[in-house]
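S.K.: My questions will all concern the structure given below.
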Amino acid sequence: MKARFGRWELRIDVAYKSLNENFQRSSAATRWRSYKTADSDILILADGIGQRRKANILSTLTSKILGTMIFERSDAGRVRGHHCADAAGVPGAACGLFHVSASCRCSRTGKTYLVEFDNPGCIFIRDGKLVPIPKNLRTIEGKQINEYRFQVKRGDALILMSDGTVHAGVGQLLNFGWQWEDIAAYAVKQYAVTVSAIRLAASICQACDELYMMRPGDDTTVACMRIIDKKSVHLMTGPASNPEDDQKMVANFMSDAEAKTVVCGGTSATIVSRVLNRPMDVSLDYSDPEIPPIAYINGIDLVTEGVLTLNRVLQLLRRFVQNETVAEDFFEELDKPNGASMIARMIIEDCTELHMYVGKAINSAYQNPDLPFDLGIRQNLVDQLKKTIEEMGKPVTVTYY
């Protein structure tokens with residue numbers, strides 16, 4: 001499917017996974033950054049050299065400077081010139097900062113700019129096959145940089161890696177580490193069975209962890225961009241403060257025929273059922289005793305209980321933001337057939353923007369001071385969800401009624 005240039009229909013699903021050498025999270029040598037602009041997504045991966053503290057400082061500087069330059073649409077030559085100028089006050093930084101770096105900018109129209117220096121090459125997958133990236137080498141201040149401009153399309157995947165991936169297994173399970181060709185072949189296989197950037201990145205990182213025998217000997221980061229279509233999710237929770245607004249609230253909630261729709265809360269579900277004149281069937285299957293069962297309304301993708309369910313959704317999304325997806329139990333939790341896991345999975349893997357329609361009617365049950373704080377006022381929970389989802393790089397709009 002071609003990008004619709006006038007409407008910027010393409011979106012980029014961006015995610016990363018990291019393993020830190022000997023679990024030293026505070027001084028990781030590898031840094032990644034993701035930026036969103038009005039028309040594109042930018043992904044930066046930097047791996048510093050030297051001892052851990054120095055490498056941590058240099059990789060942080062590199063990722064910030066590269067991000068600023070790419071954000072301003074500078075090419076590799078300008079990036080290098082500014083880079084040295086900004087690094088002049090750091091001994092050895094002019095050379096050290098640029099060790100193992102990769103930057104990628106992908107616009108909504110599919111135009112993509114990739115620049116690499118000394119990193120394991122970008123893995124580019126299209127139609128389930130590995131696509132070689134042509135070499136377009138430029139020598140800048142004695143350093144060879146590969147700079148590539150190309151067009152991506154829906155379904156493509158771009159994977160950037162630190163050299164911790166190719167070092168995985170050295171001297172242990174593999175004599176010479178995990179070769180790039182083998183990583184690429186593994187990525188192609190995973191591409192065929194994964195549905196999101198995070199699962200693709202996590203699967204490669206998990207394989208590296210196993211080759212390291214669960215004790216990483218080098219910082220390892222895998223960052224993935226998957227080119228997808230715009231995917232909106234509309235979520236409605238809580239009754240409107242004025243019952244006369246029920247019709248308007250439901251109409252706005254159902255306004256996008258292509259958006260996935262989620263209703264959270266028994267009262268909200270009853271309102272939707274009544275306004276749409278569609279019956280609601282409640283499941284009696286308690287797959288998780290702590291999460292109430294889901295319900296069904298024709299034309300609504302998911303109907304769940306309200307505050308208890310959204311509180312669990314928030315917990316799962318926070319784990320995602322805090323990069324806890326390396327643990328297999330995260331995806332096991334995400335794949336459970338309960339309302340909270342289903343909402344979290346939809347937001348993480350099948351959503352590029354979220355629209356929330358929130359009723360402000362007070363439910364006296366949530367004002368009980370004996371209840372935990374997380375079960376407090378609905379608006380507080382909505383605010384936390386909005387903040388967490390925006391940290392994932394997904395825009396969120398909230399409309400109150």
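S.K.: Ignoring any ligand, DNA or RNA, what whole percent of the accessible area of the range 114-166 comes from carbon and sulfur when the probe is 1.4 angstrom?
M.R.: Summing carbon and sulfur atoms, their accessible area is 47 percent of the total for the range 114-166.
S.K.: Two decimals, Cα atoms only, Kirkwood Rh: what is Rg/Rh over the range 219-276?
M.R.: Reported Rg/Rh (Cα atoms, Kirkwood Rh): 1.24.
S.K.: Taking amide H positions as placed in the peptide plane 1.01 Å from N, state which residues far from GLU305 in sequence (5 or more) or on other chains have amide H under 5 Å from it.
M.R.: Placed amide hydrogens put GLY265 under 5 Å from GLU305.
S.K.: Next up: Which order do MET213, MET236 take when ranked by solvent-accessible area (1.4 Å probe, heavy atoms of all protein chains), largest first?
M.R.: I get MET213, MET236, largest accessible area first.
S.K.: Please give the net charge around PHE150, taking every other residue with its beta carbon less than 14 angstrom from that of PHE150, where Lys and Arg add +1 and Asp and Glu add -1.
M.R.: So the environment of PHE150 carries a net charge of +3.
S.K.: Here is a further query. What chymotrypsin sites (Phe, Trp or Tyr not before Pro) in the range 253-326 are in a loop by DSSP, with at most 15 other Cβ atoms within 10 Å of the Cβ?
M.R.: Loop-located and lightly packed - TYR286.
S.K.: Under the rule of at least 5 residues apart or a separate chain, name every residue whose amide H is placed under 5 Å from the amide H of SER40.
M.R.: Those qualifying (amide H under 5 Å, at least 5 residues apart or on another chain) are ARG108.
S.K.: Then there is this: What Rg and what Dmax come out for the range 192-341 when only alpha-carbon atoms are used, in angstroms?
M.R.: When restricted to the Cα atoms of the range 192-341, Rg and Dmax are 19.0, 62 Å.
S.K.: Cα atoms only, the range 171-260: Rg and Dmax in Å?
M.R.: 22.3, 71
The values are calculated or read from the model by the stated rules, or taken from the named source; none is laboratory data. Keep in mind that what you see is a predicted model, and the values were worked out from it rather than measured. Backbone-built Cβ (ideal geometry, glycine too); neighbour counts: all protein chains shown. What goes into the accessible areas is simple: the full protein's heavy atoms, side chains included, and nothing from ligands, DNA or RNA. Shrake-Rupley method; radii C 1.70, N 1.55, O 1.52, S 1.80 Å.
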